[in-house]
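*Asks:* Could you have a look at this structure, given as structure tokens, before my questions?
The values are calculated or read from the model by the stated rules, or taken from the named source; none is laboratory data. Since the structure is predicted, the reported quantities are computational estimates derived from the model, not experimental observations. Neighbour counts are summed over all protein chains in view; Cβ atoms, including those assigned to glycine, are modelled from backbone coordinates with ideal geometry. Only protein heavy atoms, including side chains, enter the accessible area calculation; ligands, DNA and RNA are left aside. Shrake-Rupley method; radii C 1.70, N 1.55, O 1.52, S 1.80 Å.
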Amino acid sequence: MAAALDEARRAAAAGEVPVGALLLDAEGRELARAHNRVEVDSDPTAHAELLAIRTAARALGTPRLVGCRLFVTLEPCAMCAQAIALARIERLVFGAYDPKGGGVEHGARVFEQATCHHRPEVIGGVRERESGELLRAFFRERR
């Protein structure tokens with residue numbers, strides 16, 4: 001989670017919502033790390049999770065990241081949760097919960113839907129305070 005938090009800080013420094021992600025293979029080797037790039041790329045889908053998944057899939061040469069673990073500083077939105085399911089990621093670990101925009105423990109609860117063909121192990125609240133404070137500080141500065 002430390003690497004994901006470093007990525008979130010990079011996002012904040014670039015004026016992006018501070019969300020960072022790290023994707024590891026089954027042996028714990030780093031496949032990808034990313035942070036939000038929505039504003040800089042003018043791309044509403046450039047969330048940290050999607051960028052990390054795309055990079056890892058290209059590196060492995062496969063659309064399925066079986067056995068992989070994704071660490072992200074914020075509960076994924078519904079779009080990212082569906083991508084995690086489609087990528088067949090084994091475990092999702094996230095920091096801060098997102099009651100407003102989350103799609104895992106809140107909102108759409110993507111992994112609980114009957115139409116979801118893959119459900120990763122989910123561990124939420126890891127370094128929650130630190131992840132949440134990055135987000136609060138970012139939005140406090142903009143108000």
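*Asks:* For the range 87-143, give me each residue that is open to solvent by less than 70 Å² (accessible area, probe 1.4 Å), under 18 Å from Leu23 (Cα atoms) and not in a loop (DSSP other than H, G, I, E, B).
*Replies:* Scanning the range 87-143 gives Ile89, Arg91, Leu92, Val93, Phe94, Gly95, Ala96, Val122, Ile123, Ser131.
*Asks:* Quick check on my filter: what residues within the range 81-119 are in contact with a Phe, Trp or Tyr (Cβ under 7 Å, 6 or more places away or on another chain) and either among the polar types (S, T, N, Q) or within 18 Å of Ile53 (Cα to Cα) (or both)?
*Replies:* Ala81, Ala85, Val93, Val104, Arg119, listed by residue number.
*Asks:* Look through His117, His106 and report the one residue that is at pLDDT below 95 and on the phi < 0 side of the Ramachandran plot.
*Replies:* His117
*Asks:* Name the single residue that is farthest from Arg136 (Cα to Cα) among those in the range 1-28 being assigned to a strand (DSSP E or B) and in contact with a Lys or Arg (Cβ under 6 Å, 6 or more places away or on another chain). First the steps, then the outcome.
*Replies:* So in the range 1-28, the residues assigned to a strand (DSSP E or B) come out as 20-24.
With in contact with a Lys or Arg (Cβ under 6 Å, 6 or more places away or on another chain) added as a condition, the list becomes 22, 24.
Details: Leu22: 21, Leu24: 27 Å.
Among them, the one singled out is Leu24.
*Asks:* Here is a follow-up. How do the pairs read when you match residues in the range 43-56 that are on the phi < 0 side of the Ramachandran plot with residues anywhere that are open to solvent by 40 Å² or more (accessible area, probe 1.4 Å), using Cβ under 6 Å and keeping only pairs 6 or more apart or on different chains?
*Replies:* Here the result reads Ala46/Arg37, each pair linking the range 43-56 to a residue that is open to solvent by 40 Å² or more (accessible area, probe 1.4 Å).
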